[in-house]
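Read the structure below first, then the notes.
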Amino acid sequence: MLTIGVDVGGTSVRAAVVDSDGAILDTARAATPGQDRALEAAIVGVIDELSARHAVSAVGVALAGFVTPDRRTVRFAPHLPWRDVRVADRLAQRCTLPVVIEHDANAAALAERRFGAASGSGARARSTLFVALGTGIGAALLIDGKLYRGAHGVAPELGHIRVMPDGRACPCGKRGCWERYCSGTALVTTLVELLASDQGASTNLTRLASVEARGITGRHVATAARDGDPLGRQAMAELARWLGEGLALIADVYDPELVVIGGGVSGSAPLFLDDAREHYARVLTGGQHRPLARIRTAQLGEEAGVIGAAEIAREAVS
Ligand SMILES: [Zn+2]
């Protein structure tokens, strides 16, 4: 059975035809419009394009936002125009295929569980925590292989647990959220703070920061760290520390057996993962007297969202 997975991001809509082994057979893509009807038209456009070339049975749509437990309605999506909209029904009407929607971190986590870092007898865990480090933090929790959504479909919103009272301001309206310290965006904020406290420093990043003014990204910081830039390394060490700190907090609630780190920042894992593991073990409550979660990186990269969305569609119709 073939299904379509759609990953609706803030800038682009990516879609793929996926088989039951998680293999991508075909792809399509469009820009993300800012208005709800135009966005729905763009999604239906990529679905129609793919379903004209393949016999598909259902569609799964992944997005960053609050999705109701019945997976029909988007309550709120910070970077998309939907507010309490029955997105699944609207799309199903227009593309005449069954449609199910899902939080993008849930979709990616399920893909890693079926086909990636949390699959296979050696990796399968009773409780798996998935943490995607990108612009912010996307998180998902699998208990006995099933996604845990909470009572209202919004769990686990881990990027916004407060790790620092009165800390860095977050677009969510709070201060000190975990993702302000542990994400691609956080790498830049940390760099800016380091530069402010070390005006005379002359490193590649200092130059880059002055040349690119505000255009510097987490990717630049990661590349500089890889090249040995001291400020880049320092920013990465901060991220590692906050990753270990946050995971230890979460482990006190969920006690996961396996932690999978995904998202764009996970591509730089060799620069931070060992430090994060060490810090996690050090600050975990009773860390010397309990088994430690295995912490590993995701395997499916950017495709995890579409593969997981397609898998969720498959589950919904089979
Ligand atoms: Zn926040």
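Read-outs throughout are calculated quantities, based only on the coordinates presented, and are distinct from any laboratory measurement. None of these values were measured; they are calculated from a predicted model. Positions of Cβ are backbone-derived with ideal geometry, glycine not excepted, and every protein chain shown enters the neighbour counts.
Side notes on the structure shown:
- Under 5 Å, built H, 5+ apart or other chain: amide partners of residue 118: 113
- Rounded to 5, the percent of DSSP beta bridges in the chain classed as antiparallel: 60 percent
- Student exercise, the stretch 122-299 dipole from Lys, Arg, Asp, Glu Cβ charges, in Debye to nearest 20: 360 debye
- Calculated FRET efficiency, residue 148 to residue 54, Cβ-Cβ distance, R0 = 41 Å: about 0.80 to the nearest 0.05.
- For the chain, the Cβ-based charge dipole about the Cα centre amounts to some 380 debye (Lys, Arg positive; Asp, Glu negative; other atoms uncharged).
- Directionally averaged shadow of the stretch 1-45, computed from the convex hull of its alpha-carbon atoms, nm²: 3.1 nm²
- Between the Cα long axis of helix 230-254 and the first principal axis of the chain there is an angle of about 60°, rounded to the nearest 10.
- For residue 9, residues with placed amide H under 5 Å, excluding near neighbours: 14
- DSSP beta bridge pairing in the stretch 3-150, given as percent antiparallel to the nearest 5: 70 percent
- Across the stretch 126-131, rounded Karplus estimates of 3J(HN,Hα) from the backbone phi angles (6.51 cos²θ - 1.76 cosθ + 1.60, θ = phi - 60°) give 5, 10, 10, 9, 10, 10 Hz, Gly and Pro being marked x.
- From least to most packed, judged by other beta carbons within 10 angstrom and beginning with the fewest, 164, 236 follow the order 164, 236.
- Near residue 67, the amide H atoms lying under 5 Å from its own belong to 75; only residues 5 or more places off or on other chains count, and H is placed 1.01 Å from N.
- Volume in Å³ per residue [convex hull over Cα atoms, computed for the chain]: 139 Å³
- 3J(HN,Hα) couplings calculated from phi for the stretch 76-81 with the Karplus curve 6.51 cos²θ - 1.76 cosθ + 1.60 (θ = phi - 60°) are, in sequence order, 6, 9, x, 10, 10, x Hz; Gly and Pro show x.
- Hz values of 3J(HN,Hα) by residue in the stretch 16-29 - Karplus curve (6.51, -1.76, 1.60), Gly and Pro given as x: 8, 8, 10, 8, 6, 8, x, 8, 7, 9, 7, 9, 8, 7
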